[in-house]
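Engineer: Here's a structure for you.
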Amino acid sequence: MSVRVRIAPSPTGDPHVGTAYIGLLNWCFARRHGGRFVLRLEDTDQERCQPKSAQAIIEALRWLGLAYDEGPDIGGPHGPYVQSERHRLGIYRRYAEQLLAQGDAYPCFCSTERLASVRAAQLAARQPVMYDRHCRELAPAEARARIAAGEPHVIRLKVPTSGEFSYRDRLRPKPFTKRWEEIDDQVLLKADGWPTYHLAAVVDDHLMGITHVIRAEEWLNSLPKHLLLNERLGFTPPEYIHVGLLRNADKSKISKRKNPTSLLWYRAQGYLPEALLNFLALLGHSHPEGREQFTIAELAEVFDIERVHVTGPVFDLKKLDHLQGLWFRQLPAERVRAEVHAAIDARFDALYPLLRERMTRGGDFLHWAEPFYSAALTVRREDLVPAGQDASAVRGLLEAMAGTCAALQAEERWTASDIEAAIRSLCEQRAAADPAQAPLCAPKLAFGILRQATLGRPHSPPLFPCLEVLGAVRTRERLAAAIQALR
RNA sequence: GCUCCCAUCGUCUAGAGGCCUAGGACAACGGAUUCUCAGUCCGUGAACCGGGGUUCGAAUCCCCGUGGGAGUACCA
């Protein structure tokens, strides 16, 4: 039987670097074994899924060059490749009903409140936290009556209450074992009739002929449920292989708070797909000949899933930068020019609307744009302190502004209007708190100081849109430098 | 709390009982080249989590600790 693998990202946000990592592994595995690589979108959570995200994932994979053989935008023999569409076809409901009819699943009427209190009690009693199977033994007649009466309910999987589960993951020396009684009666169908990940993924993997599921180890704990589902549904299960999770420097699961996780970010920063992929390939894996630089096509030729590590690698951008340097310097002249143009254009497009009205010659653009292109400014103390004002008071104001900027950045609210609102209210508060500070905190003076500190000039286009374009990182760097200059 | 997974330099890794005085890469540091920077070249420091076994011999196998991580949702 020929190999078929998939990646099944959930379109709930920006395309994730973890998707690229798992995608790369699956892509290589498919290539190596002459199999097919499938993209399936798992959008069964109507609350969290964003339509824009699906498109962004597709574009990110295309940018990386992780081409799939079947997927939402290109179709294939096992479509549709989007779970919400499959749901509307009644696919998941059908299998849930099969399980119900076989007595392998049951309706559950427990309220969210009851579930929460059960959980709280178990935690307090130092018991494992799981569903207490309250509805499992309901008389079928009663269950039918309550469903007929329109009572909200979910469908749960009937998990064995004794015996042991064991599975040999080819990456791990010892079989993964767990007692069935420790495994929850998983919800298969939610109250709104949509399937949960567990049901949908197992059903689709089967229907799509998936032979190997290479996924992150966060799924290891739900493996028993997935295998049980396969068995009860009469499917031949795929082989499940769990690889390590990408980590932050503190070893926790990679997160956007501590690392750039969005593939959009890497593209915007000018990282080359070749470099990013090469970097990802080096995490948790190694080239058999010890090579460090290679394309994914070269990798695929020698790819061996057994060489993949189960230890979660720390994601270290320093190494990426090194690889990026190697790749970039080897780029053909054409592409270097294109990359440079792209970098200039990206900033140009943001700046142009701001500068348009104050230009009388094309070359004026260079004059106004200069602070946005230069990496750092040389700030002079005398430019920062308005006549008649005290340097330490100015410093205090800038420090407060820097704090405001840090908060805005942390909240991901770095937009002109949010910056303006926050800075204005900061100034008003300081003026109100200390009348002696009032003159300095008046917009005319305060904004001028902020302009000098961040743009290094007394004149500029409207300040707050400028700061938005400048970006939180550089704005804060420049504020820090200005504060330093006033010490 | 409960369950499961994992463990070689700061980081990514090589290592599948003797080839290990533990190799490579990034980062760090020092030097060379250079007007500067980048790059390049040369060099330095840096690890088998701890304790017990098994064995003639253990980074490699087993056990126990410790540490880290993940799961524990009508999220994926």
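Engineer: On full extension of the chain, what length is gained from A:ARG307 through A:LEU326, given 0.36 nm per residue of separation minus the C-alpha to C-alpha distance?
Structural biologist: Full extension of this stretch gives 4.4 nm more.
Engineer: Run the accessible area of the stretch A:331-373 with a 1.4 Å probe and give the carbon-and-sulfur part as a rounded percent.
Structural biologist: After summing per-atom areas, the C and S share lands at 58 percent.
Engineer: Check chain A and count each lysine pair with an alpha-carbon distance under 27 angstrom, considering only pairs eight or more places apart or from different chains.
Structural biologist: Lysine pair count for chain A: 24.
Engineer: Along each of its three principal axes, how wide is the spread of alpha-carbon positions in chain A, in whole angstrom units, largest first?
Structural biologist: The Cα atoms of chain A stretch 85, 57, 40 Å along their principal axes.
Engineer: Sticking with this one: Could you give the distance between the Cα centres of the stretch A:41-74 and the stretch A:127-196, to the whole Å?
Structural biologist: One Cα centre to the other: 30 Å.
Engineer: With a cut-off of 20 Å, note down the residues of the stretch A:321-342 whose backbone N falls inside the zone around a label point 7 Å from the Cα of A:GLU59 toward its beta carbon.
Structural biologist: A:338-342
Engineer: Using r as the Cβ-Cβ distance of A:TRP180 and A:GLU97, and R0 as 25 Å, what FRET efficiency do you calculate, to the nearest 0.05?
Structural biologist: 0.55
Engineer: Please work out the average accessible area per residue across the stretch A:331-373, using the 1.4 Å probe convention, and give it in Å².
Structural biologist: Per residue, the stretch A:331-373 has an accessible area of 70 Å².
Engineer: Follow-up. Computing the accessible area with a 1.4 Å probe over protein heavy atoms, can you report the carbon and sulfur percentage for the stretch A:381-487?
Structural biologist: The C+S portion of the solvent-accessible surface of the stretch A:381-487 is 54 percent.
Engineer: Per-residue HN-Hα couplings for the stretch A:328-340, Karplus 6.51 cos²θ - 1.76 cosθ + 1.60 at θ = phi - 60°, whole Hz, x for Gly and Pro?
Structural biologist: 5, 5, 9, 5, x, 3, 3, 6, 4, 4, 5, 5, 5
Engineer: List every residue whose amide H lies under 5 Å from the amide H of A:HIS212, counting only residues 5 or more places away in sequence or on a different chain, with H placed 1.01 Å from N in the peptide plane.
Structural biologist: A:ARG4, A:GLU239
Engineer: Using r as the Cβ-Cβ distance of A:GLN50 and A:ASP192, and R0 as 22 Å, what FRET efficiency do you calculate, to the nearest 0.05?
Structural biologist: 0.75
Engineer: OK, next. For A:PHE165, what residues show an amide H to amide H distance below 5 Å, using hydrogens built from the backbone and excluding near sequence neighbours?
Structural biologist: A:LYS178, A:ARG179, A:TRP180
Engineer: How high is the FRET efficiency between A:LYS256 and A:GLU339 when r is their beta carbon distance and R₀ equals 25 Å, given to the nearest 0.05?
Structural biologist: Values: r = 25 Å, r/R0 = 1.01.
For A:LYS256 and A:GLU339, the calculated efficiency is 0.50.
Engineer: Can I ask one more? When only Cα pairs under 8 Å and 6 or more residues apart are kept, what is the percent relative contact order across chain A?
Structural biologist: For chain A, the relative contact order is 13 percent.
Engineer: Carbon and sulfur: what percent of the stretch A:90-243's accessible surface (1.4 Å probe)?
Structural biologist: Carbon with sulfur: 52 percent of the solvent-accessible area.
Engineer: Keeping all protein chains in place, calculate the accessible area per residue for the stretch A:4-160 (probe 1.4 angstrom), answer in Å².
Structural biologist: Values: 7630 Å² over 157 residues.
Roughly 49 Å² per residue, with all protein chains present.
Engineer: Accessible area per residue of the stretch A:381-485 at 1.4 Å probe, in Å²?
Structural biologist: Ligands and nucleic acids excluded, the result is 45 Å² per residue.
Engineer: Give me a comma-separated list of calculated 3J(HN,Hα) values for the stretch A:286-296, in order, Karplus coefficients 6.51, -1.76, 1.60 applied at θ = phi - 60°, integers in Hz, x for any Gly or Pro.
Structural biologist: Values per residue, Gly and Pro as x: 8, 6, x, 8, x, 5, 9, 10, 6, 7, 5 Hz.
Engineer: For the stretch A:445-487 and the stretch A:245-295, compute the distance between their C-alpha centroids and round to whole Å.
Structural biologist: About 33 Å separates the Cα centre of the stretch A:445-487 from the one of the stretch A:245-295.
Engineer: Less than 20 Å from a label point 7 Å out along the Cα-to-Cβ axis of A:ALA145: which backbone N atoms in the stretch A:102-130 qualify, by residue?
Structural biologist: Flagged as within label range: A:106-111.
Engineer: May I pose another question? How large is the translational diffusion coefficient of the stretch A:94-189 in µm² per second when you combine the Kirkwood radius over alpha carbon pairs with Stokes-Einstein at 37 °C and 0.692 mPa s?
Structural biologist: Numbers: Rh = 15.1 Å.
Rounded, D is 217 µm²/s.
Engineer: Which far-off residues, 5 or more places away or on another chain, put their amide H under 5 Å from the one on A:LEU188, with H placed in the peptide plane?
Structural biologist: A:ILE155, A:ARG156, A:LEU157
Engineer: Then there's this: Determine the relative contact order of the stretch A:55-136: mean sequence separation of Cα pairs under 8 Å and six or more apart, normalised by residue count, in whole percent. Present the calculation step by step, with values, prior to reporting the outcome.
Structural biologist: Details: 37 pairs, mean separation 13.5, N = 82.
Reported as a whole number, the value is 16 percent.
Engineer: Ok, one more. Explain nothing, just compute: Karplus ³J(HN,Hα) = 6.51 cos²θ - 1.76 cosθ + 1.60, θ = phi - 60°, for every residue of the stretch A:266-271 in order, whole Hz, x for Gly and Pro.
Structural biologist: These are the phi-based 3J(HN,Hα) values: 4, 5, 5, 6, x, 5 Hz.
Engineer: Based on the mean of other Cβ atoms within 10 Å per residue, sort peptides A:473-484, A:7-18, A:110-121 so the most packed one is first. Numbers along the way, then the final one.
Structural biologist: Working: A:473-484: 18.5, A:7-18: 21.7, A:110-121: 11.7.
In decreasing order of mean packing, A:473-484, A:7-18, A:110-121 become A:7-18, A:473-484, A:110-121.
Engineer: Counting only helical runs of four or more DSSP H residues, what would the 222 nm mean residue ellipticity of chain A come to if each run contributes -39,500 (n - 2.57) and the total is spread over all its residues?
Structural biologist: Per the formula, -15000 deg cm²/dmol.
The values are calculated or read from the model by the stated rules, or taken from the named source; none is laboratory data. Values in this document were obtained by computation on a predicted structure and should not be read as measured data. When we count neighbours, we look across all protein chains shown, and the Cβ atoms used for this are built from the backbone with ideal geometry, even at glycine. Areas reflect the complete protein model, heavy atoms only, side chains present, ligands, DNA and RNA absent. Shrake-Rupley method; radii C 1.70, N 1.55, O 1.52, S 1.80 Å.
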